[in-house]
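Participant: This is the structure I have questions about; it appears just below.
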Amino acid sequence: DAGVIQSPRHEVTEMGQEVTLRCKPISGHDYLFWYRQTMMRGLELLIYFNNNVPIDDSGMPEDRFSAKMPNASFSTLKIQPSEPRDSAVYFCASSSFTGTPYGYTFGSGTRLTVV
Amino acid sequence: KQEVTQIPAALSVPEGENLVLNCSFTDSAIYNLQWFRQDPGKGLTSLLLIQSSQREQTSGRLNASLDKSSGRSTLYIAASQPGDSATYLCAVTAGGNKLTFGTGTQLKVEL
């Protein structure tokens with residue numbers, strides 16, 4: 001397996017534009033997580049899914065953020081409209097405690113810059 | 001609310017030295033604890049995962065221990081090398097299978 005795959009790796013957009021981040025989890029992993037990392041706040045959980053169903057979205061900062069998982073192999077995180085304070089690295093992770101690889105696996109992240 | 005603290009925030013050691021990184025958490029009702037490594041501008045690489053029923057895990061030069069009752073974990077790195085330079089993060093899982101991360105220890109191993 002190629003691991004957790006995120007796209008794009010880098011995104012620069014203007015304030016007010018819509019941004020969509022994409023994630024392909026490891027096949028067979030039943031949990032998917034979206035995290036955001038900033039210097040000020042470290043790694044924060046935004047939302048996570050279990051078997052494609054959103055379980056906890058209490059970390060989503062506001063209504064401008066939305067996430068979907070239409071099937072077991074794909075998830076999106078959308079920001080509309082984007083603001084400069086959304087600039088961060090966004091990580092997707094998947095996990096399983098019954099299969100392999102065991103535990104949590106993170107993608108390489110999407111570095112978002114909103115100007 | 002679970003809080004995870006890592007000490008020290010930064011550490012610089014000469015090559016070959018053995019070192020210990022510390023992690024503490026406020027709620028001992030955890031399912032597991034995982035140590036990650038993050039290189040600058042990169043993602044997180046899983047190093048070791050300790051389940052709540054375990055006391056330690058070892059992988060090569062790395063050894064992680066867990067004391068749930070005291071809310072502490074340590075990551076021991078033997079014979080450090082310049083390639084070990086990175087930020088080390090610990091994270092705990094409690095209810096809901098979600099990870100709560102510490103703030104990390106930035107390690108520099110000098111030649």
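Participant: Might you report the magnitude of the Cβ-based charge dipole of the protein assembly as shown about its Cα centre, with Lys and Arg at +1 and Asp and Glu at -1, to the nearest 20 debye?
Facilitator: 180
Participant: While we're on this one: What's the local net charge at A:Tyr31, with K and R +1, D and E -1, over the other residues with C-beta under 13 Å away? Before the final figure, lay out each step's value.
Facilitator: Values: positive: B:Lys98; negative: A:Asp30, A:Asp56.
My count for the surroundings of A:Tyr31 gives -1.
Participant: How long is the gain from A:Phe97 to A:Val53 if the chain were fully straight, where each residue apart is worth 0.36 nm and the alpha carbon distance is subtracted?
Facilitator: So the extension gain works out to 14.1 nm.
Participant: Using a probe radius of 1.4 Å on heavy atoms only, what accessible surface per residue do you get for segment A:50-96? Whole Å² is fine.
Facilitator: So segment A:50-96 comes to 47 Å² accessible per residue, rounded to a whole number.
Participant: In whole Å and largest first, what semi-axes does the C-alpha gyration tensor of the protein assembly as shown yield when each eigenvalue is scaled by 5 and square-rooted?
Facilitator: They are 30, 20, 16 Å, listed largest first.
Participant: Which of the chymotrypsin sites (Phe, Trp or Tyr not before Pro) across segment B:2-72 are loop residues per DSSP, with 16 or fewer other Cβ within 10 Å?
Facilitator: Here the sparse-neighbourhood loop sites are B:Tyr31.
Participant: Could you give me the percent of Cα pairs per 5 Å distance bin for segment B:15-66, shortest bin first, beginning at zero and ending with the bin that holds the maximum distance?
Facilitator: Each 5 Å bin holds this share of Cα pairs: 4, 15, 25, 24, 19, 9, 3, 0.
Participant: Let me ask something else about it. Quick check on my link table: of B:Lys68/B:Lys98; B:Lys1/B:Lys98; A:Lys24/B:Lys68; A:Lys24/B:Lys98; A:Lys68/B:Lys98; B:Lys1/B:Lys68, which ones sit more than 22 Å apart, alpha carbon to alpha carbon?
Facilitator: On the way: B:Lys68/B:Lys98 18 Å; B:Lys1/B:Lys98 13 Å; A:Lys24/B:Lys68 34 Å; A:Lys24/B:Lys98 18 Å; A:Lys68/B:Lys98 18 Å; B:Lys1/B:Lys68 16 Å.
Violating the 22 Å limit, Cα to Cα: A:Lys24/B:Lys68.
Participant: Considering chain A, what Rg and Dmax in Å follow from its alpha-carbon atoms?
Facilitator: 13.5, 43
Participant: Once label points are set 7 Å from the Cα along Cα→Cβ at both B:Val20 and B:Thr5, what is their separation, rounded to one decimal in nm?
Facilitator: Here the modelled spin labels are 1.7 nm apart.
Participant: Let me ask you something else. Place a label point 7 angstrom from the Cα of B:Gln81 along the Cα-to-Cβ direction, then list the residues of segment B:96-111 whose backbone nitrogen is under 19 Å away.
Facilitator: B:107-111
Participant: What's the longest uninterrupted piece of chain A once you rule out the trypsin sites (Lys or Arg not before Pro) that are loop residues per DSSP with at most 12 other Cβ within 10 Å?
Facilitator: A:42-115
Participant: How would segment A:71-114 be classified by its alpha-carbon gyration tensor: rounded, prolate or oblate, with rounded meaning a/c under 1.5 and the a/b versus b/c comparison settling the rest?
Facilitator: The shape class here is prolate.
Participant: Per-residue counts of other Cβ atoms within 10 Å, averaged by peptide: what ranking do you get for B:43-52, A:44-53, A:89-98, highest first? Kindly include the intermediate steps, with their values, before the conclusion.
Facilitator: Values: B:43-52: 19.1, A:44-53: 17.1, A:89-98: 21.5.
Highest mean packing first, the order is A:89-98, B:43-52, A:44-53.
Participant: A follow-up question, please. Rule-of-thumb check for segment B:15-111: C-alpha Rg over 2.2 N^0.38 Å?
Facilitator: My calculation over the Cα atoms of segment B:15-111 gives 1.05.
Participant: Return a whole-number percent for the relative contact order of chain A, with Cα pairs under 8 Å and 6 or more residues apart as the contact set.
Facilitator: 36
Participant: Moving on. Hey, got the dipole for segment B:1-49? About the Cα centre, +1 on K and R Cβ, -1 on D and E Cβ, debye to the nearest 20?
Facilitator: Working: 3 positive and 5 negative charges, 35 e Å.
Around 160 debye, computed over segment B:1-49.
Participant: Report the one residue of A:Tyr48, A:Thr110, A:Ile79 whose Cα lies farthest in the direction of the positive end of the charge dipole of chain A (charges on C-beta: Lys and Arg +1, Asp and Glu -1; origin at the Cα centre).
Facilitator: Ranked along the dipole, the leading option is A:Thr110.
Participant: Where in segment A:78-92 is the amide nitrogen less than 15 Å from a point lying 7 Å along the Cα-to-Cβ axis of A:Val12?
Facilitator: Output list for this probe position: A:87-88.
Participant: Apply 1/(1 + (r/R0)^6) to the Cβ-Cβ distance of B:Thr103 and A:Arg22, taking R0 = 30 Å, and write down the FRET efficiency to the nearest 0.05.
Facilitator: 0.60
The values are calculated or read from the model by the stated rules, or taken from the named source; none is laboratory data. Everything numeric here is computed off the predicted structure, so don't read it as measured data. Ideal geometry is used to build each Cβ from the backbone, glycine not excepted, and the neighbour counts take in all protein chains shown. Note: areas computed on protein heavy atoms with side chains; ligands, DNA, RNA excluded. Shrake-Rupley method; radii C 1.70, N 1.55, O 1.52, S 1.80 Å.
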